[in-house]
Amino acid sequence: MAAAVMQVDDRSSTPTPSIARCIATLEGHEERVWHCAWSRDGRQLASCGSDRTVRLWRRTGDAFVTSATLDDAHDRTVRRVAWAPCGTLLAATSFDATCCVWRRSRQDDAWEILATLEGHENEVKGCAWNASASLLAT
């Protein structure tokens, strides 16, 4: 399965079908893609899906390439990803009733699990950071 990146031209005064066009198809997920989220600086895109993975993408020229695959945290579908405003934390919620928080190393750009938040009775379908990245709501 794939995610798509669309370029949107909002300068038109009237809505038309040609206001958006696909500029990239992101191949990599083995099953349905559920959600995508841009980092605050717009340099990375996170996607998640039924294959239990989170993929991170970077633009290289006209193409998007996978910069990391986070695949060892969830046992079921990953439903939503959310970047913290700082850009070094990424939360991923799952149908396995957990939310994993990943941290990017500033030295080698590697990702590690900072915390696995448990305690939900059922699947976790969403999450959101506050402005200072000190609180995460699920």
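Side notes on the structure shown:
- Only residues that are without any contact (Cβ under 8 Å) to a residue 24 or more places away in the chain and exposed (fewer than 14 other Cβ atoms within 10 Å of the Cβ) were counted across the stretch 116-128, and they come to 2.
- Residue in the stretch 42-50 that is in contact with a His (Cβ under 6 Å, 6 or more places away or on another chain) and open to solvent by less than 40 Å² (accessible area, probe 1.4 Å) present: yes
- Of the set (1) modelled with pLDDT of 90 or more; (2) within 23 Å of LEU26 (Cα to Cα); (3) surrounded by 13 or more Cβ atoms within 10 Å (Cβ to Cβ), all apply to ALA110 but (3).
- Looking only at residues of the stretch 29-41 that are of a type outside the set (Asp, Glu) and either touching a Lys or Arg at 6+ places or on another chain (Cβ under 9 Å) or part of a strand (DSSP E or B) (or both), we find that the one that is most open to solvent (accessible area, probe 1.4 Å) is TRP38.
- Sole residue being touching a residue at least 24 places away in the same chain (Cβ under 8 Å), among the basic types (Lys, Arg) and either assigned to a strand (DSSP E or B) or open to solvent by less than 80 Å² (accessible area, probe 1.4 Å) (or both), chosen from ARG55, ARG76: ARG55
- Of all the numbered requirements in (1) open to solvent by 70 Å² or more (accessible area, probe 1.4 Å); (2) touching a Cys at 6+ places or on another chain (Cβ under 6 Å), ARG103 misses one, and that requirement is (2).
- In the stretch 79-100, the residue that is surrounded by the most Cβ atoms within 10 Å (Cβ to Cβ) out of those that are β-branched (Val, Ile, Thr) and assigned to a loop (DSSP other than H, G, I, E, B) is THR98.
The values are calculated or read from the model by the stated rules, or taken from the named source; none is laboratory data. In this text, all values refer to a predicted model and were calculated from it rather than measured experimentally. Methodologically, a virtual Cβ is constructed for each residue, glycine included, from the backbone with ideal geometry; neighbour enumeration extends over all protein chains shown. In case anyone asks, the SASA skips ligands and DNA or RNA and just uses the protein heavy atoms, side chains included. Shrake-Rupley method; radii C 1.70, N 1.55, O 1.52, S 1.80 Å.
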